[in-house]
1. Quick one: P(r) of segment A:3-242 from all Cα-Cα pairs, 5 Å bins, percents rounded to integers, in order of increasing distance.
2. Per-residue ellipticity at 222 nm for chain D, helices alone: DSSP H runs ≥ 4 residues times -39500 (n - 2.57), over residue total, nearest 500 deg cm²/dmol?
3. Given R₀ = 45 Å, what would the calculated FRET efficiency be for residue C:246 paired with residue C:197, taking r from the Cβ atoms and rounding to 0.05?
4. Note down the relative contact order for segment A:172-243 as a percent, whole number, built from C-alpha pairs under 8 angstrom at least six residues apart.
5. Can you give the average number of partner chain beta-carbon atoms within 10 Å of each beta-carbon in peptide D:193-206, as a whole number?
6. On average, how many beta carbons from a partner chain sit within 10 Å of the beta carbon of a residue in D:154-167?
7. Could you tell me the calculated FRET efficiency between residue D:257 and residue A:206, based on Cβ-Cβ distance and R0 = 35 angstrom, to the nearest 0.05?
8. I need C:92, C:18, D:67 ordered by Cβ neighbour count within 10 Å, fewest first.
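What follows draws every value from the coordinates through simple rules; no lab data is involved. These numbers were taken from a predicted model, which means no experiment stands behind them. Note that we place each Cβ from the backbone using ideal geometry, even for glycine, and neighbour counts take in every protein chain shown.
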């Protein structure tokens, strides 16, 4: 994929996620959360300056001067308004005080459950492919008010009918992929909410392992949104997870 | 009681308790622990410099430059070797890592149980006299390895046959009063271990509500011990609890 | 609406019957000025909790503001003796004293802070306090374990050294149970020696342990812990405490509350 | 005998089969030099735990030192991809990966730190992890609560900014799970950027959160978190990490361990 295309996808995903935070009270991003980092940063700049940004290094409302490659980088701990440890953020979630959280899965199924644990070898009854583990998601997903799942890939191996192992499930708000946005119908199944402008219903349908219905296009990033991201991230850290 | 007599009693009690700490790994003093404060200070000076001094302000091994009237005074938090909160000291006790603790009771019975809670009005079924509450003692007494009870009074209202309310009981090591020292026989009853040199078996027996047997005299404070205490506490803070 | 308020405005946020966790310990860093304002406003039926208290709970008992006190220890130390108004209120049946171990107060607050309904605790031996709590089976081993229930205070009331306008606060020295109270409580009121800039808090971020988001009011009260101490700024005032302890009746208490500012 | 030791002496305190809680998080403030020394000494059968790990657990998996890994997440981030040697060891059945939520790792450590046999936790919803833990009745309300067992590490291995000769230590910035590990563990090993005087620790007593009394060894290793970062002293080294991740076999690993000092 060329760099232009990567930037287009990254910007669209970031902006889409940032706009979902317009009414958020607080938002948590965990490990390996490159795009959520930019989305929260942008939402605070443009839409919701009072948004409380929670993260693993444990500084409330960090003020990074550049986008680090790691989302537990100490640039995120350098400045902020107060300190709150990871354990205490989990406690907030357990108390029902966490509003929005970003999570991701290697597999996301039509129920909004995801798998970050492993692919089982059904025959041998053991682990066939080991993933990273779900980090805090088993707690965060059912106990936060709204969870935004994000994934830089969108194919039939990612958007699956049913996860063979459920690492976490719970209070899904939106799924934002490289091609589209899903929401959940009631407490049940994912439905397509919008298709990113550079994609098509056909492309999304061909790359999703469960049935979908047509949907409008995702509103594209505005020039202002793009300019802010470009100024903050001239090196393109936000495309590092795109192949 | 004249000041000379108060100093004699205070010094004897402090020195006796300090000598009990010769092999202590760590020792905790709680609220309102005037004499234990001096005992620990003296033990670290003379007998056991490696002794770890734990306290409510939460500085490990404080280095007070004067003896404060309150044992949660911030002079005890001004210097030290590290910080450890009260909650964490309780946790140490729960884990079985607390070696020696000083506790006190308004009533101490022949089983080594004490009452710091209240005197019940048996007829009306309610509180007749409210004491201070047992602070952390209900945890500390059964979970620390060795508990030293101390009491600046010794009379039949203090050394009772049986406490009507048991605030705490547990791993008694010694009871040090204004007149004598008790230890526990097995896990059962208090027996007199020594009588302070200025008192007598008769006086102790007349002021104890449970049976006792004769015992030798408590070794008196040495001139060195007294000189150190006097130098640290020329104002006589250590007699403040004596009437 | 900003969070920076007067003492009067902040105290009026507290409703009769609310449960309050009061910061500090004994005479150290208590929100004394706020306590006096609660008394001036004639609050009723408050439930208060803390590990070890004296001036604050004694005054609230005296003023008839509290129904229930949960604590491990309520007394002054050495030179000031016991807490006379607390004792009298309990002995007269005007205040229910839920004696706890300081440890069980902490365990109840931890359970609330962790969002779990109860906290298993270590043995309390043969203490009568055992009867206040329930036992549960240990699913991972032999025997039973005592458990204390979560207690969620409506308010944590804390006196801090510095806070910014959003309620992000720095505490120096011993934090006592202030942190766990701030996590367990639904809302926080801060009195602070000084309202400072965000930049000032930032310079000591490792000590900025109270985030502002549950803080509903920040009140600048220099000397707000007095007659208690606020390390390392000032020590407790024996003179003030002796004056307080000499008050004999409600008229005297009213004069005291009128005189002492704030 | 003093506590200040060489890396070799300190690592030799760890026995085959011991359970280790490893401080820091991902590439932040990991005791990397100590981890390498464990590998050099050919430890076997270690059980390691942490919320989120990469270099440390990947290297111990590669070197065949660990039997069991308990963690919520084991992977590098963005530029470095997954943890290849960890994955291979698990997929080959050489290492048992006890997947936890980061939260349940913390809960198990908290239970140990509090001296209680288990810790009730919030719901894990429909996660498969639920099956790893037992349910208990809530004695104070309706329904059941999930509980995780206490885990007492034999060692907490932490890299800190400063420690004195007795092991009293100061950490700047995020403490991650280091504190709770130090309370839960039976013994502590510290590697430190610098061994400092008692007076130096005293100047920052509010940040001196590791008391020395369970510390068995203090090892001065400037840069001891490398290739990880040690805020605010140094960032992680991409070059070093890429070199490590390019190692393909045990001979390469041996060369790497010989080369990197310490």
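1. 1, 7, 14, 18, 20, 17, 13, 7, 2, 1, 0
2. Numbers: 9 runs with 73 residues, N = 262.
Helix contribution divided over all residues of chain D: -7500 deg cm²/dmol.
3. Between residue C:246 and residue C:197 the formula returns 0.60.
4. Working: 74 pairs, mean separation 15.5, N = 72.
Rounded, it is 21 percent for segment A:172-243.
5. On the way: counts 0, 0, 0, 0, 0, 4, 1, 0, 3, 7, 0, 2, 12, 13.
Averaged over the peptide's residues, the number is 3.
6. Details: counts 0, 0, 0, 0, 0, 0, 0, 0, 0, 1, 2, 0, 6, 2.
Mean number of neighbouring Cβ atoms from other chains: 1.
7. Working: r = 48 Å, r/R0 = 1.38.
For residue D:257 and residue A:206, the calculated efficiency is 0.15.
8. On the way: C:92 11, C:18 18, D:67 15.
Placing the least packed residue first, the sequence is C:92, D:67, C:18.
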